[in-house]
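**Student:** Okay, handing you the structure first.
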Amino acid sequence: MNKIPVSLSNRHIHLKKEDVKTLFGKDDLTYKSDLSQPGQFACEEQVVIVGPKGSIDKVRILGPVRPDSQVEILTGDCFKLGIMAPIRESGKIEGTPGCKLVGPAGEVELSNGVIVASRHIHMSEDDAKQFGVKDKDIVKVKIGGDRGLVFENVLVRVSPKFALDMHIDSEEGNAAGVDRKGGEGEIVK
Ligand SMILES: [Zn+2]
């Protein structure tokens with residue numbers, strides 16, 4: 001009762017259409033597999049992220065294309081790349097650092113868009129009613145198990161397009177003992 005499924009996000013990239021063209025030399029992304037949110041999918045395409053201190057290869061592109069390109073990295077990646085990305089909600093990229101992306105057909109120099117995604121829960125309006133929360137609420141979520149902990153500052157995102165799922169990154173998952181198969185959590189007041 002009242003459990004929320006928890007999924008891990010690894011580093012990944014969302015691209016605008018013109019950057020797809022530059023990096024891959026084609027107009028569209030190639031579907032690979034579904035993600036937890038309806039309409040969102042992992043793509044076959046991968047690129048290299050290049051920063052002042054280093055690079056990370058085989059970074060997955062997630063579709064569909066978006067109005068702005070956005071690179072979501074892990075805190076450990078910030079040190080490897082030499083890019084101090086702020087913790088941001090997806091889509092809030094104003095004033096964030098950029099990076100270079102290298103694809104098989106070309107390179108893109110992003111002037112901004114590199115973030116560490118803030119932990120969040122996707123839910124429908126019905127779910128929100130059931131949990132007694134609303135869009136943009138900040139809640140705490142308790143994870144059980146051997147490495148159990150309470151995540152604070154979890155953003156609630158409510159939309160009829162969303163399926164119930166909490167998203168944390170793989171470093172947060174490691175810290176909480178949640179593996180790639182996912183886990184579950186509980187909102188605590
Ligand atoms: Zn999410």
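**Student:** Restricting attention to the range 4-43, and to residues there that are more than 16 Å from the ligand (Cβ to nearest atom), loosely packed, with under 15 Cβ neighbours inside 10 Å and assigned to a loop (DSSP other than H, G, I, E, B), which single residue is nearest to the chain's Cα centre (by Cα)?
**Tutor:** Of everything passing the filter in the range 4-43, Thr30 is nearest to the chain's Cα centre (by Cα).
**Student:** Here is a follow-up. One residue is enough: does the range 64-72 have a residue meeting the conditions at positive phi and either over 16 Å from the mean Cα position of the chain (by Cα) or within 16 Å of the ligand (Cβ to nearest atom) (or both)?
**Tutor:** no
**Student:** May I pose another question? Which count do you get for residues in the range 66-89 that are touching a residue at least 40 places away in the same chain (Cβ under 8 Å) and either closer than 23 Å to His122 by Cα or not assigned by TED's automatic domain parsing to the domain that holds His14 (or both)? Before you say what the answer is, go through the steps one by one.
**Tutor:** Quick first cut of the range 66-89, residues touching a residue at least 40 places away in the same chain (Cβ under 8 Å) only: 66-77, 89.
Subset that is either closer than 23 Å to His122 by Cα or not assigned by TED's automatic domain parsing to the domain that holds His14 (or both): 66-75, 89.
Adding up the residues that qualify gives 11.
**Student:** Which of the residues spanning the range 168-184 are among the acidic types (Asp, Glu) and in contact with a strand residue (DSSP E or B) (Cβ under 6 Å, 6 or more places away or on another chain)?
**Tutor:** Passing the criteria: Asp169, Glu184.
**Student:** Another question, then. Restricting attention to the range 174-183, which residues are closer than 27 Å to Asp126 by Cβ, at pLDDT 95 or above and more than 16 Å from the ligand (Cβ to nearest atom)?
**Tutor:** Matches in the range 174-183: Ala176 only.
**Student:** Please determine, by comparing only the residues of the range 107-165 that are within 16 Å of the ligand (Cβ to nearest atom) and of a type in the set (S, T, N, Q), which one is surrounded by the most Cβ atoms within 10 Å (Cβ to Cβ).
**Tutor:** Per the stated criteria, the residue is Ser118.
**Student:** Which count do you get for residues in the range 163-189 that are touching a helix residue (DSSP H, G or I) at 6+ places or on another chain (Cβ under 8 Å) and farther than 23 Å from Thr75 by Cα?
**Tutor:** Count: 2.
**Student:** Then there's this: I'm checking my understanding of the structure. Among residues of the range 86-105 that are aliphatic (A, V, I, L, M) and in a strand (DSSP E or B), which one is farthest from the ligand (Cβ to nearest atom)?
**Tutor:** Val102
**Student:** Considering the range 5-50 alone, what residues qualify as being within 24 Å of Gly185 (Cα to Cα) and either aliphatic (A, V, I, L, M) or in contact with a Cys (Cβ under 9 Å, 6 or more places away or on another chain) (or both)?
**Tutor:** Passing the criteria: Val6, Leu8, Leu35.
**Student:** For the list (1) in the same structural domain as Leu29 (by TED's automatic domain parsing); (2) within 17 Å of the chain's Cα centre (by Cα); (3) more than 14 Å from the ligand (Cβ to nearest atom), I need the number of the one condition that Glu171 fails.
**Tutor:** Evaluating Glu171 over (1) in the same structural domain as Leu29 (by TED's automatic domain parsing); (2) within 17 Å of the chain's Cα centre (by Cα); (3) more than 14 Å from the ligand (Cβ to nearest atom) leaves (1) as the failure.
The values are calculated or read from the model by the stated rules, or taken from the named source; none is laboratory data. Just so it is clear, the model here is predicted, and its values are computed rather than measured. We place every Cβ from the backbone using ideal geometry, glycine too, and count neighbours over all the protein chains shown.
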